[in-house]
Structure formats: C-alpha cells, structure tokens
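Scroll down for the structure; my scribbles are underneath it.
FYI, it's all coordinate maths here, none of it is from the lab. Just so you know, these numbers come straight off a predicted model, no measurement behind them. Cβ placement follows ideal geometry from the backbone for every residue including glycine, while neighbour counts extend to all protein chains displayed.
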Amino acid sequence: MATQLSLDAVCACSENVVARTIEGEVVLIPLIAGIGDEEDELYTLNETGQAIWQKLDGKKTLKEVAVSLAEVFDGPASELEADVLGFASELTKRGILVAK
Amino acid sequence: MSKSHSIEIKEFPLWERLKAKSVPLSFDMEITARCNCNCRHCYINLPVGDRDAQARELSLAEIGDIAQQAVNLGAMWCLITGGEPLLRPDFAEIYTGLRRKGLLVSVFTNATLINEDHIALFKKHPPRDIEITVYGVTRETYERITRRPGTFDKFMRGMNLLLESGVRIRLKAMAIQSNLAEQDAIADFCRAYTKDFYRFDPQLHLRFDGNRECNKDIIAERLTPEQIIALEQADKERMRAMQKNCDTLIKDEFAHFGCDHLFHCGAGNGSFNVSYDGMFRLCSSLWAPPTLYDLRRGKLDDAWNHFVPKVRDMRSTRQEFLKTCRVCPLVNLCLWCPAHAHLETGEMDGATPYFCAVAKLRATTLRKTE
C-alpha cells in the first residue's frame, strides 16, 4: 500500500517518465509499462499543475514548493498547500513522481 | 479539479498546433540497409554481410545526436526501420535511447529475428507499435518471396512471441505476383490479429540504390493494373473509402493548374527520413541527389529550416510533364510523385506509364461504381 505523502516530502520526476515542454505545455511521456491506467497515453498538466511541476526540483519539500508558489501568485502559502499535496499525491500514485 | 490529464495519443491537442507551426513532428530512422531476407520486391535489402553498407551505418552516438536534434525541433514520433533493424547488435540501446529522449517509437520488422530479449525490452519499454509485413501464410509462398529457407518458421515464432507478450503489433501485406493467389488468406490472417489496421500495398516502386538486377525482379513482381483493381474491388472497406473520397481523389479542376512546382505532396511537411548512412530526405522514396542533405556534414536545423524549403521550391521546365502529370486530375489515384518518378526514370519530372495505367483504371472503376 502506498505511503501517504506529507508536506515534508520531497518529490521529483520519476526516471521512468520523460517530461518535455512543447509549445509552452508540459507533456509527460511514460517510458515503461504500468504508468497510468491505460496504454497509449500521454499526460498534460493544466496551468496550476504546470506551475507546481516546475517547482518540483527534487530538493524542495512540498511545503517549500507551496511557499515558492505563493510568492508567484501573491497569496497565502497555506491555501496552496492542499493543491500541491493533492497534485503530488496524484502523480506519485501514477508513478510519474517519486518521493525521495 | 485534477491538474494532470491523461490523453490518448491520437487525441493529443498539441498535434494540430505543431502541424500548423511546421514542426518536424515525426521522422523515420533507417538504422541499416541490410536485411536477413532477400525479398523479391524489396527496395532496400542489402546482404547481411555487406561490409561497406555496415561500415557506413550511423553509429549509436550519431543516431542519438540526430534524434536529439529532432527532439529539439519538436519531434514526437520516431519510426525505426531498415533493412531489418533487429540486425543491429545495438538495437536495444538505439531503441531505449530514442525512448529516453521522450519520443514515441514504432518499429518495422519482419519479425524473424525476434527473441526473448526483444520481448523483455518491448514489455518493459512498450513501443507505440510494431508493424510486420506478412509475405505469405504458407511456407512455400513466404519463402518464395524472402528467398531464405527457414524464414517462415522464424516469422511465425517471432510474431507469436510478440502476440503472447501482449506487445501491440500491426500486420500488413504487399500484393505481388508471388503471393497473389494467397491474398485472401493473407488478409484473413492479418485481420485475425489486427482488426483495426490491416492494409495491403499493391504497387511496387523501384529500388533506392538503382540496382538493375533487383529492379528487374521488382518489375516482374508488379501486378497488372487489372489485377490491382480486382484486388481493390474485392476489399469492400478499401473501395468504400475510395468511393467516399472520390471527389477529392479525382479533381477535374486541378488546384495547381499552371504551376511549375515539382512538389505538391506532403514530402517535408511535418516529417522527414534519415538513411542508414545519415542522408536526410523529405520522404522515404526521395533519393534524387539534389534533394539529399548529409547530416554527417550539417545539422538537422539547417536541413529542416533551410534545405527543405529549397527542395519544395524546385520546378520543372519540361513541357511534357507540365502538360500531363502536373495537371492530371488523377494525381491522387496515382503513385506518381517526384520521388517515384526519379526512381523510375532518373528524373523527378519523368513520366511513369505503369503508375499512369493503374490510376486511369482506378478512375474508370470508381466512376462506374459511383
């Protein structure tokens, strides 16, 4: 059973996924079988997802990512923490992100 | 609301935007011109032991470098083809190297060399698909074409290994004199495994290397126009598609009337090919010397952004061509194109009577059945 992520977790792109930025959009391309629910899939991120993705550098904790985003979006980090945690949890479950 | 979206590749919304921006969305890498088969109709099969051809093959590093340049230009798809690509001992490294660059990779193979290592590779790193040509469904027919004893059993073994492993394969066929009597059985065989895909190609073009003896074999294997039409009429799905698109296939008022440009096809629009020795081409069949760009001497960015527009701007002054093929309303039913004209005649604006005869009979048949 997968461990639940906390805001202290540090996440990075799995080595089994290639992230490409094409036409300003982040496209995630699985390299191995078993990522995602179906075969023949790519992943794209919405605007919020892309902003979070670009901050996930494998060094910052999720809490620090939220703080960093708060500076960009000029809002309280506490409101962004749920978004960051939800995003990281979803992509970790799919095998796109790994918690270090 | 979820911040990530999984999207089926065919529905990827970026495709249209990328096409509109003249990005080289896909490319073919012919990683060898050598093949373990010696098919009668083939346009590229050099012998396995051809040392000169082997010495000229792009290295793993060169392939990786060209692929990276393609990725930098926005490429998403790569087809690994040959010759027989599995002949390369470094096939697995080439394949995974392309995948790791974020390319969606397909492979064309005759399947006769597939082994357990390939299966493990494809299961771990799934290809977009693997396309296999079915030359025949009996040993006699298959090996009459490949001219290599034992290849039918190897093909069946390889295909079954792929099927059992769940790797996505697609089967296709060539229709030639040597397997004409078996076409129905070949179609049934292919459709049994790949219902959504099966296609057959009933027209042969000549060899890329211009080998005269091999070209004689190809010409001897060509179906007559009547045989081609009979096959197409027997394939109800194909005929329905042709009838449905009749208006676009036959253009009485051809849009390019009065134009002297050679290229009105899709060559160099969104895709390109790289030969085993590093020659950039606008399409797989285009081998006319003025249309080749050596990637061992230059960069892909230069080839794509500067060389392609020059090639596509090439024009003809041959009146015979400008008054016939250039303005022919049947061009979409015809295998004529500058590339095939060059292979047939040595000139990109040469006439190709065989393709012309097929196109005319196709048009007559379509008009009758409208």
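Things worth noting here:
- Spin-label zone in the range B:49-90 - amide nitrogen under 15 Å from a point set 7 Å from the Cα of B:Lys19 along the C-beta vector: B:76-77
- Here the Gaussian network model covers chain B, with springs between Cα atoms less than 10 Å apart; of B:Tyr135, B:Tyr293, B:Tyr198, B:Tyr198 fluctuates the most.
- Ranking of B:Phe355, B:Phe189, B:Phe197 by count of other Cβ atoms within 10 Å, fewest first: B:Phe197, B:Phe189, B:Phe355
- Once the mean of 1/r is taken over each pair of separate Cα atoms and inverted, the range B:1-131 shows a Kirkwood hydrodynamic radius of 16.1 Å.
- For the protein assembly as shown, DSSP calls about 45 percent of its internal beta bridges antiparallel.
- Taking GluC sites (Glu not before Pro) as exposed when their DSSP state is a loop state and no more than 12 other Cβ atoms lie within 10 Å, the longest site-free interval of chain A runs over A:39-100.
- Nearest-20 debye value, the range A:11-99 charge dipole, Cβ charges on Lys, Arg, Asp, Glu: 420 debye
- The residues packed around A:Glu71, meaning those with a beta-carbon under 12 Å from its beta-carbon, carry a net charge of -1 if Lys and Arg are +1 and Asp and Glu are -1.
- Cα-projected label distance for B:Tyr193 with B:Arg315, points at 7 Å along beta-carbon direction, nm: 5.0 nm
- Contact order for chain B, expressed relative to its length and based on alpha carbon pairs under 8 Å spaced 6+ residues apart, stands at 16 percent.
- Computed label-point distance, nm, for sites B:Lys368 and B:Lys123 using a 7 Å Cα→Cβ extension: 5.3 nm
- In the protein assembly as shown, the DSSP-assigned H stretches of four residues or longer account for a calculated mean residue ellipticity at 222 nm of -11500 deg cm²/dmol, using -39500 (n - 2.57) per stretch and the full residue count as denominator.
- Remark: the B:Leu322-B:Arg139 segment gains 61.2 nm on full extension, using 0.36 nm per residue and subtracting the alpha carbon distance.
- The fewest-to-most ranking of B:His125, B:His306, B:His41 by surrounding Cβ atoms within 10 Å reads B:His306, B:His125, B:His41.
- Mean silhouette area of the range B:271-313, derived from the convex hull of its C-alpha atoms and averaged over all directions, reads 2.8 nm².
- When each of B:Lys101/B:Lys124; B:Lys101/B:Lys172; B:Lys236/B:Lys368; A:Lys60/A:Lys100 is checked by Cα-Cα distance, pairs over 18 Å: B:Lys101/B:Lys172
- Calculated on C-alpha atoms, the gyration radius of the protein assembly as shown divided by its Kirkwood radius gives an Rg/Rh of 1.02.
- Local charge for B:His125 was computed over the other residues whose Cβ lies under 10 Å away, with Lys and Arg +1 and Asp and Glu -1, and equals +4.
- Per the Kirkwood formula applied to alpha carbons, chain B shows a radius of gyration over Rh ratio, Rg over Rh, of 0.95.
- Förster radius 25 Å - calculated FRET efficiency between A:Ala12 and B:Arg100 (Cβ-Cβ, nearest 0.05): 0.95
- Size of charge dipole - the range B:140-299 - debye, nearest 20, with Cβ of Lys, Arg +1 and Asp, Glu -1, no other charges: 600 debye
- For chain A, the longest principal axis of the alpha carbon atoms and the long axis of helix A:77-94 meet at an angle near 10°.
- Ordered by the count of other Cβ atoms within 10 Å of each Cβ, fewest first, A:Thr44, B:Thr146 give A:Thr44, B:Thr146.
- Treating r as the C-beta distance of B:Arg147 and B:Ala181 and R0 as 22 Å, the FRET efficiency rounds to 0.75.
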